[in-house]
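Trainee: Encoded as structure tokens, here's the structure I'll be asking about.
The values are calculated or read from the model by the stated rules, or taken from the named source; none is laboratory data. The shown structure was predicted, so the numbers you read here are calculated from the model rather than taken from an experiment. For neighbour counting, all protein chains shown are included, and Cβ atoms are generated from backbone atoms with ideal geometry for every residue, glycine included. What goes into the accessible areas is simple: the full protein's heavy atoms, side chains included, and nothing from ligands, DNA or RNA. Shrake-Rupley method; radii C 1.70, N 1.55, O 1.52, S 1.80 Å.
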Amino acid sequence: MAGRLYIAPLELERLLPDLVAETTPITGANLAPRRPLSIVRLEGGRLRLVNAFWGLTPPWLKVLDHAPHCARAEALTTRPMFREAFDARRCLVPASGIYVWKPQPRFKQPFLVTRADRGPLLLAGLWCRFHTTLSEYNDSMALITVPTGSLLAPLTDRLPAVIAPEDARRWLDPQTPMTEAQSLLAPAPGELLGAFPVSRRVNDPANQDPACAHPTGPMLRQPMPQER
């Protein structure tokens, strides 16, 4: 799954040229659920960057610890918690990488999954709104995961779906039919992502120093055609 993110300062205006940033993007070397993240959503026909709590909290949820931070793509149209949000409130999370843990005989080795070229990622998500009063509300979100491709399958069985920048508006637009949006939720192309081992300092979410995201070994990636 995706229980930890690496979000470095990103040039979002190059990634999404028509983005309106209403807040300073949240960054961090080791971001865990149950905290705010910056998300991109469509409002009034414009792409807007806002903050939302990482852990989907619909109005009827009684226990905050039960708020899911991830939603399986296969369950979006069948689980009531996700269906309405998937139909009308899709979002994107700009990120630099996703931490995963590979089981080892004596411990789990953390890896950071990034684009092979270390560029930014747009992770698929959905969001909801909980009104605390008539005029006040809290927004929350969850990432959407898909099965992992063969290259990274030994590290984790699922990763957040990656949306291409050219598909961002189509993904975010609530007028896009659910079947069309669902078609965008596929495992990333094999050559897009890579992963490298990182320090076990990342195991503790209190550690937020940049060293958490520094490689401690070579990147695992699929060779490009010209490299074969």
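Trainee: For the structure I just gave you, tell me whether Leu143 is touching a helix residue (DSSP H, G or I) at 6+ places or on another chain (Cβ under 7 Å) and aliphatic (A, V, I, L, M).
Mentor: Details: touching a helix residue (DSSP H, G or I) at 6+ places or on another chain (Cβ under 7 Å): no; aliphatic (A, V, I, L, M): yes.
Here the answer is no, as Leu143 does not meet what is asked.
Trainee: Go through region 99-108 and give me each residue that's part of a strand (DSSP E or B) and open to solvent by 30 Å² or more (accessible area, probe 1.4 Å).
Mentor: Trp101, Lys102, Pro103, Lys108
Trainee: Separate question: Go through region 1-24 and give me each residue that's open to solvent by 20 Å² or more (accessible area, probe 1.4 Å) and not in a loop (DSSP other than H, G, I, E, B).
Mentor: Tyr6, Glu13, Arg14, Leu15, Leu19, Val20, Ala21
Trainee: Looking at region 39-56, which of the residues that are surrounded by fewer than 23 Cβ atoms within 10 Å (Cβ to Cβ) and of a type in the set (Gly, Ala, Ser) is nearest to Glu13 (Cα to Cα)?
Mentor: Gly45
Trainee: Could you check how many residues of region 75-90 are in contact with a helix residue (DSSP H, G or I) (Cβ under 7 Å, 6 or more places away or on another chain) and crowded, with 20+ Cβ neighbours inside 10 Å?
Mentor: Qualifying residue count for the region: 4.
Trainee: Any idea how many residues of region 117-146 are touching an Asp or Glu at 6+ places or on another chain (Cβ under 7 Å) and modelled with pLDDT of 95 or more? Break it down into steps so the answer makes sense when it comes.
Mentor: Taking region 117-146 and keeping what is touching an Asp or Glu at 6+ places or on another chain (Cβ under 7 Å), we get 127, 129.
Those still in the list that are modelled with pLDDT of 95 or more too: 127.
Qualifying residue count, region 117-146: 1.
Trainee: On the given criteria, is Thr27 open to solvent by 40 Å² or more (accessible area, probe 1.4 Å), more than 24 Å from Thr176 (Cα to Cα) and at pLDDT 95 or above?
Mentor: Against the criterion (open to solvent by 40 Å² or more (accessible area, probe 1.4 Å), more than 24 Å from Thr176 (Cα to Cα) and at pLDDT 95 or above), Thr27 qualifies.
Trainee: If we scan region 63-74, do we find a residue that is crowded, with 21+ Cβ neighbours inside 10 Å, of a type in the set (Gly, Ala, Ser) and outside any helix (DSSP H, G or I)?
Mentor: Yes: region 63-74 contains one or more residues that are crowded, with 21+ Cβ neighbours inside 10 Å, of a type in the set (Gly, Ala, Ser) and outside any helix (DSSP H, G or I).
Trainee: Still on this structure, please answer the following. Do you know which residues across region 192-210 are within 22 Å of Ala116 (Cα to Cα) and either modelled with pLDDT of 95 or more or surrounded by 15 or more Cβ atoms within 10 Å (Cβ to Cβ) (or both)?
Mentor: Answer for region 192-210, where residues must be within 22 Å of Ala116 (Cα to Cα) and either modelled with pLDDT of 95 or more or surrounded by 15 or more Cβ atoms within 10 Å (Cβ to Cβ) (or both): Leu192, Leu193, Gly194, Ala195, Phe196, Pro197, Val198, Ser199, Arg200, Val202.
Trainee: Among the listed residues Leu159, Leu184, identify the single one that is buried (at least 19 other Cβ atoms within 10 Å of the Cβ) and in contact with a helix residue (DSSP H, G or I) (Cβ under 7 Å, 6 or more places away or on another chain).
Mentor: Exactly one of Leu159, Leu184 is buried (at least 19 other Cβ atoms within 10 Å of the Cβ) and in contact with a helix residue (DSSP H, G or I) (Cβ under 7 Å, 6 or more places away or on another chain), namely Leu184.
Trainee: Against the definition (on the phi > 0 side of the Ramachandran plot and either open to solvent by 20 Å² or more (accessible area, probe 1.4 Å) or assigned to a strand (DSSP E or B) (or both)), how does Arg34 come out, yes or no? If you could, list the steps in order and put the result at the bottom.
Mentor: Working: on the phi > 0 side of the Ramachandran plot: yes; either open to solvent by 20 Å² or more (accessible area, probe 1.4 Å) or assigned to a strand (DSSP E or B) (or both): yes.
When the stated conditions are applied, Arg34 passes them.
Trainee: In region 109-151, what count of residues is obtained for those that are open to solvent by less than 10 Å² (accessible area, probe 1.4 Å) and either closer than 14 Å to Leu192 by Cβ or within 12 Å of the chain's Cα centre (by Cα) (or both)?
Mentor: Within region 109-151, residues that are open to solvent by less than 10 Å² (accessible area, probe 1.4 Å) and either closer than 14 Å to Leu192 by Cβ or within 12 Å of the chain's Cα centre (by Cα) (or both) number 14.
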